[in-house]
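Take this structure first; my questions come after.
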Amino acid sequence: MKDVNVGICGLGTVGGGTFNVLNRNAAIIAGRAGCNIRITRIASRRNRDDMDLGDVPFSTEIFDVVNDPAIDIVVELIGGYETARELVLAAIRNGKHVVTANKALIAVHGNEIFAAADEAGVVVAYEAGVAGGIPVMKAVREGLAGNRIDWIAGIINGTGNYILTEMRAGRPFAEVLKEAQDLGYAEADPTFDVEGIDAAHKLTILAAAGFGVPLQFEKAFTEGISAITPYDIAHAEQLGYRIKHLGIARRRDEGIELRVHPTLVPRSHLIAQVDGVLNAVLVDGDAVGQTMYYGPGAGDEATASAVIADIVDAARIVANESALRVPYLGFAPDALEDLDVLSMEDIQSAYYLRITALDRPGVLAKIASILSEHGINIESIMQKESEMKDGRIPVIILTHTVQERQINRAIEELESLSDTDGPVVRIRAENFN
Ligand code: HSE
């Protein structure tokens, strides 16, 4: 069997997991790849004295790996945007295949990186960047190749899902976030997790591969979970819904929806049962219908599992001197469609609205009339008489699917009524039809 040489840049949570699994399962992995995958160099800006690296040379200069002529595959696990971009472009220039777990890098610089890799005739693989250990990019790029994919919706940030799950049990936000950080799930900057930026990185990649469009991260809409209250979690549950932080991408004739925000999902749907650090991605294809990919979205060895699958793909190319490769986004580059991302006013969704109404006769009729004037159909309405305080009473409404523009206008009018108090709480809802 041939040897294929791998260099690892970055020895944090995922780097450590990749090193350990590659060593532990070396024989199985070699059997699958048809070659021996040898780690011949490791570089990490931070020392890992706690890890036994055997006789593999280690340095704190990450460019040592891309400049080593013996290395066939560079594994980029340093994270971040700019240094990672320079490192990956240098590896490509040096004729090396690249495996990365860096969703930020691919979402933001992927168009440039893929073009450079195409020109150099090397592969850049990024399965581990999207939903950690779940092989969802393999499914979207290859397994669903016969489908027109109409929408993708997923819980694609483990930290956020962990926080929302624990908050259902009444635990405070900050305490749960600290726990997720200690477990190695959170990003270096945890606002990326809770504000939806990390999920938007992953959604951008999923949408590009699913619909065959260029990566357009800068146009993705993000809304985080920090404003979600236990009150709305509990009332959504009473309506038969659960609040999840979802990434939703939908293809329309006029463009694509690309949005990350808290979302009510029916409690009876499988995705509502996805708790803790687990991720799930629902993909709707015209031929197959709905499929769901579920599993650990973060963590050392879970993410290493996806990194190693990509190393195996790249190693087969090296060992067999093969030209056979799946295009980066699953479509030939010249087949990508120039579909723009729609503005949020143009998206379509159902909505949960919580209005603080004054306890006066006719207030419900006024609310209903404003919604009806804007063409908004009510699915259910709940007036919490038992929760009346200081003459104010919460009115909770679930609407049918409408355009966000209609809801925005209706909310403006609801807030200007003299019979309501304070801002209307609005959370989008999805029934997956
Ligand atoms: N911070 C990410 C998450 C790690 O919590 O899902 C995996 O991408």
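The values are calculated or read from the model by the stated rules, or taken from the named source; none is laboratory data. Since the model is a prediction, treat every value here as computed from it, not as a measurement. So basically every Cβ, Gly included, is an ideal-geometry build from the backbone, and we count neighbours across all protein chains shown. Remember, those area values only see protein heavy atoms, side chains included, never the ligands or the DNA or RNA. Shrake-Rupley method; radii C 1.70, N 1.55, O 1.52, S 1.80 Å.
Select from region 232-266 the residues that are among the charged types (D, E, K, R) and touching a Phe, Trp or Tyr at 6+ places or on another chain (Cβ under 6 Å) and write down the one among them that is surrounded by the fewest Cβ atoms within 10 Å (Cβ to Cβ). Give the derivation first.
Here is the first cut: in region 232-266, the residues among the charged types (D, E, K, R) are 232, 237, 242, 244, 250-254, 257, 259.
Then keep just the ones that are touching a Phe, Trp or Tyr at 6+ places or on another chain (Cβ under 6 Å); that gives 250-251, 259.
Working: R250: 22, R251: 20, R259: 26.
Filtering region 232-266 for residues that are among the charged types (D, E, K, R) and touching a Phe, Trp or Tyr at 6+ places or on another chain (Cβ under 6 Å), the one surrounded by the fewest Cβ atoms within 10 Å (Cβ to Cβ) comes out as R251.
Let me ask something additional. Can you pull out the residues in region 1-19 that are surrounded by fewer than 15 Cβ atoms within 10 Å (Cβ to Cβ) and modelled with pLDDT of 95 or more?
Across region 1-19, the qualifying residue is only K2.
Residue by residue through region 109-133, note down the ones that are part of a helix (DSSP H, G or I) and either among the aromatic types (F, W, Y) or within 18 Å of A220 (Cα to Cα) (or both).
Hits for region 109-133 are H109, G110, N111, F114, G129.
Something else: Count, please, the residues in region 326-343 that happen to be crowded, with 17+ Cβ neighbours inside 10 Å and either touching a strand residue (DSSP E or B) at 6+ places or on another chain (Cβ under 8 Å) or among the charged types (D, E, K, R) (or both).
Within region 326-343, the subset crowded, with 17+ Cβ neighbours inside 10 Å is 328-331, 336, 339, 341-342.
Pick out the ones that are also either touching a strand residue (DSSP E or B) at 6+ places or on another chain (Cβ under 8 Å) or among the charged types (D, E, K, R) (or both) and you get 328, 339, 341-342.
So the count comes out to 4.
Taking A287, is it in a helix (DSSP H, G or I), open to solvent by 10 Å² or more (accessible area, probe 1.4 Å) and not hydroxyl-bearing (S, T, Y)? Give the derivation first.
Working: in a helix (DSSP H, G or I): no; open to solvent by 10 Å² or more (accessible area, probe 1.4 Å): yes; not hydroxyl-bearing (S, T, Y): yes.
No.
For region 22-47, enumerate the residues that are assigned to a loop (DSSP other than H, G, I, E, B), under 21 Å from R316 (Cβ atoms) and open to solvent by 60 Å² or more (accessible area, probe 1.4 Å).
none
Select, from T356, T303, T291, the only residue that is among the polar types (S, T, N, Q) and in the same structural domain as K96 (by TED's automatic domain parsing). Steps first, please.
On the way: T356 fails: in the same structural domain as K96 (by TED's automatic domain parsing); T291 fails: in the same structural domain as K96 (by TED's automatic domain parsing).
Selected residue: T303, the only one of T356, T303, T291 that is among the polar types (S, T, N, Q) and in the same structural domain as K96 (by TED's automatic domain parsing).
Something else now. Residues to consider are D55, D50; find the one that is assigned to a loop (DSSP other than H, G, I, E, B), more than 29 Å from the chain's Cα centre (by Cα) and under 24 Å from G133 (Cβ atoms). Lay out the reasoning, then the answer.
Values: D55 fails: under 24 Å from G133 (Cβ atoms).
One residue alone meets the criteria, D50.
Table: residues versus (1) in a strand (DSSP E or B); (2) modelled with pLDDT of 95 or more; (3) farther than 28 Å from G158 by Cβ.
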site: A314; (1), (2), (3): no, yes, no
site: E337; (1), (2), (3): no, yes, yes
site: S349; (1), (2), (3): yes, yes, no
site: Y352; (1), (2), (3): yes, yes, no
site: T356; (1), (2), (3): yes, yes, yes
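Check whether at least one residue in region 424-432 is open to solvent by 80 Å² or more (accessible area, probe 1.4 Å), basic (K, R) and either without any contact (Cβ under 8 Å) to a residue 60 or more places away in the chain or touching a strand residue (DSSP E or B) at 6+ places or on another chain (Cβ under 8 Å) (or both), and report yes or no. Before you say what the answer is, go through the steps one by one.
Of the residues in region 424-432, the ones open to solvent by 80 Å² or more (accessible area, probe 1.4 Å) are none.
Among the residues of region 424-432, not one is open to solvent by 80 Å² or more (accessible area, probe 1.4 Å), basic (K, R) and either without any contact (Cβ under 8 Å) to a residue 60 or more places away in the chain or touching a strand residue (DSSP E or B) at 6+ places or on another chain (Cβ under 8 Å) (or both), which makes the answer no.
A quick yes/no check of all residues on (1) away from the ligand (no atom under 16 Å from the Cβ); (2) hydroxyl-bearing (S, T, Y); (3) closer than 30 Å to T399 by Cβ:
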| position | (1), (2), (3) |
| --- | --- |
| D300 | no, no, no |
| T303 | no, yes, no |
| V318 | yes, no, no |
| V341 | yes, no, yes |
| E373 | yes, no, yes |
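Moving on. Sort out which residues of region 111-144 are under 18 Å from the mean Cα position of the chain (by Cα), more than 16 Å from the ligand (Cβ to nearest atom) and open to solvent by less than 10 Å² (accessible area, probe 1.4 Å), and write them in order of number.
V140
Within region 316-335, can you find the residues that are part of a helix (DSSP H, G or I) and charged (D, E, K, R)?
Listed by number, the residues that qualify are R316, D334.
Looking at region 406-416, is at least one residue hydroxyl-bearing (S, T, Y) and either modelled with pLDDT under 95 or open to solvent by 70 Å² or more (accessible area, probe 1.4 Å) (or both)?
yes
Any residue that is open to solvent by 50 Å² or more (accessible area, probe 1.4 Å), hydrophobic (A, V, I, L, M, F, W, C) and free of Cβ contacts under 8 Å to residues at least 24 places away in the same chain - is there at least one of those in region 165-187?
yes
Quick one: in region 188-222, which of the residues that are open to solvent by less than 20 Å² (accessible area, probe 1.4 Å) and of a type in the set (V, I, T) is farthest from the ligand (Cβ to nearest atom)?
V213
How many residues, within region 82-108, are part of a helix (DSSP H, G or I) and over 23 Å from T13 (Cα atoms)?
Here the count works out to 4.
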